[in-house]
Structures are given as structure tokens and as C-alpha cells.
Amino acid sequence: MDGTNTLTPAARWLGYAGLLPQIFCLALVLTGHEYAYDALAGGFAYAAAIFSFLGGVWWGQAIASGRAGAGVYLVAVMPSLLAVALFLPWTFGWEWPAPALLYLGALILLSPLVDRALGYAARDFFMLRVQLSVGLGLLTIALGFASVRLV
């Protein structure tokens, strides 16, 4: 990680705005809104999409570095595969959504450790990644705990 300033104010604010869909889903569930169960599905889908996007970021950083081995690309595809695996219990009618949301939230929360291990991210981007991952991870975990009230 270098100390280069790579983020514009727009990139930073739009990153923070990316927390709004999960805040909205959590609010619907906590208030018992008629769309609360739909909000659980939407919250899971949003978190899974963002988690998959992180894998794409890692893939792109690896390519841009010109020094990545096969292991980095394997790590980069894992978020998409894990997100799909966490969706399967709901698909088959097994216990869902609480466990899937809790696991997905924890994976997002811990994802900056991968960024740190890879070492490709500029310092300001990494700091934003930490903030956004903590935010989305905790909101997704909260959604998982709130889902117990509905199911």
C-alpha cells in the first residue's frame, strides 16, 4: 500500500452512499413494515453483490499489478462462490435468512484483511474499504439478528 491520494470526494461520498440500501432494508425489518421479508431478501442480495464486487476489485488490482500469481485470482473468485453458497439454503427451503446474513456480514467485515494481505490498495482506498466494510458488515449482521423476529 502506498500513500498516494487516489480518491476524489465523489468516490468517497458515493462509497458511503452505498451503505444506504442496507440501512433502508434494516429499517424496514426493524419497523415490521409489510415489506420486511422482502427487505431481508433485498439486503442479502445487496450484500452478496457488494461482496462479489470486492472479488472483482481484487482481480482488477492483481491484473494491474502485473505481479500476481494464480493464488490471488483464486482468492478473487471466492466472494462470488461464497455468496452463491450462502444463498443455497434459502433456495432449498432450509434455515434462512439469519445464518446466511450473519456469515455474509462477517465475511464482509473481515474482507479488508484480504486487501491488506494482497497489498495492492493505495492507503486512502484501503482506509475507505475498511470503513465501508465495517459499516456494511455490521449492518448485514444486524439484519441477520433482526430477521429472527420475522421467521
In Å, the C-alpha Rg and Dmax of the range 34-112 are 14.4, 51
Relative contact order, percent, the range 40-151 [alpha-carbon distance under 8 Å, six or more residues apart]: 31 percent
With a 1.4 Å probe and every protein chain kept in, tell me what percent of the accessible surface of the chain is carbon plus sulfur. 72 percent
HN-Hα J couplings of the range 109-116 from phi, Karplus 6.51/-1.76/1.60, θ = phi - 60°, integer Hz, Gly and Pro as x? 4, 8, 4, x, 5, 5, 4, 5
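Please report the net charge: other residues with Cβ closer than 13 Å to the Cβ of Leu128, K and R +1, D and E -1.
Working: positive: Arg12, Arg123, Arg129; negative: Asp115, Asp124.
Within the 13 Å Cβ shell, the charges total +1.
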For Leu143, net neighbour charge (Lys/Arg +1, Asp/Glu -1) across residues whose Cβ lies under 13 Å away: 0
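Run lengths n ≥ 4 of DSSP H only: what is the helix-derived mean residue ellipticity at 222 nm for the chain, with -39500 (n - 2.57) per run over all residues, to the nearest 500? Don't skip to the end; give the middle numbers.
Working: 7 runs with 117 residues, N = 151.
Mean residue ellipticity at 222 nm (helix-derived): -26000 deg cm²/dmol.
Give me the net charge of Val57's neighbourhood, meaning all other residues with Cβ under 14 Å from the Cβ of Val57; Lys, Arg count +1, Asp, Glu -1.
Working: positive: Arg116, Arg129; negative: Asp115.
Residues near Val57 contribute +1 overall.
Please compute the Kirkwood hydrodynamic radius of the chain from all pairs of different C-alpha atoms, in Å with one decimal.
Details: mean 1/r = 0.0624 Å⁻¹.
Value: 16.0 Å, from the Cα pair sum.
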Cα gyration tensor category, rounded, prolate or oblate, for the range 1-62 with a/c compared to 1.5: oblate
Angle, helix 20-30 long axis vs. longest principal axis of the chain, Cα atoms, 0 to 90°, nearest 10? 20 degrees
Peptides ranked, highest mean first, by Cβ atoms within 10 Å: ranges 41-48, 64-71, 22-29: 41-48, 22-29, 64-71
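Rounded to the nearest 0.05, what FRET efficiency do Ile23 and Met127 have when you use their Cβ-Cβ distance and R0 = 22 Å? Before the final figure, lay out the partial values.
Details: r = 21 Å, r/R0 = 0.96.
Efficiency, rounded to the nearest 0.05: 0.55.
Order Thr31, Thr91, most accessible first, counting only protein heavy atoms with a 1.4 angstrom probe. Show your work: numbers first, answer last.
Details: Thr31 105, Thr91 80 Å².
The most accessible residue leads, giving Thr31, Thr91.
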Rounded, prolate or oblate: which fits the range 70-151, taking a ≥ b ≥ c as square roots of the Cα gyration tensor eigenvalues, rounded meaning a/c under 1.5, else prolate when a/b beats b/c? oblate
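On average, how much accessible surface per residue is there in the chain, in Å², for a 1.4 Å probe, leaving out ligands, DNA and RNA? Don't jump to the answer; show the numbers that get you there.
Details: 8080 Å² over 151 residues.
That works out to 53 Å² for each residue.
The values are calculated or read from the model by the stated rules, or taken from the named source; none is laboratory data. The shown structure was predicted, so the numbers you read here are calculated from the model rather than taken from an experiment. We place every Cβ from the backbone using ideal geometry, glycine too, and count neighbours over all the protein chains shown. Only protein heavy atoms, including side chains, enter the accessible area calculation; ligands, DNA and RNA are left aside. Shrake-Rupley method; radii C 1.70, N 1.55, O 1.52, S 1.80 Å.
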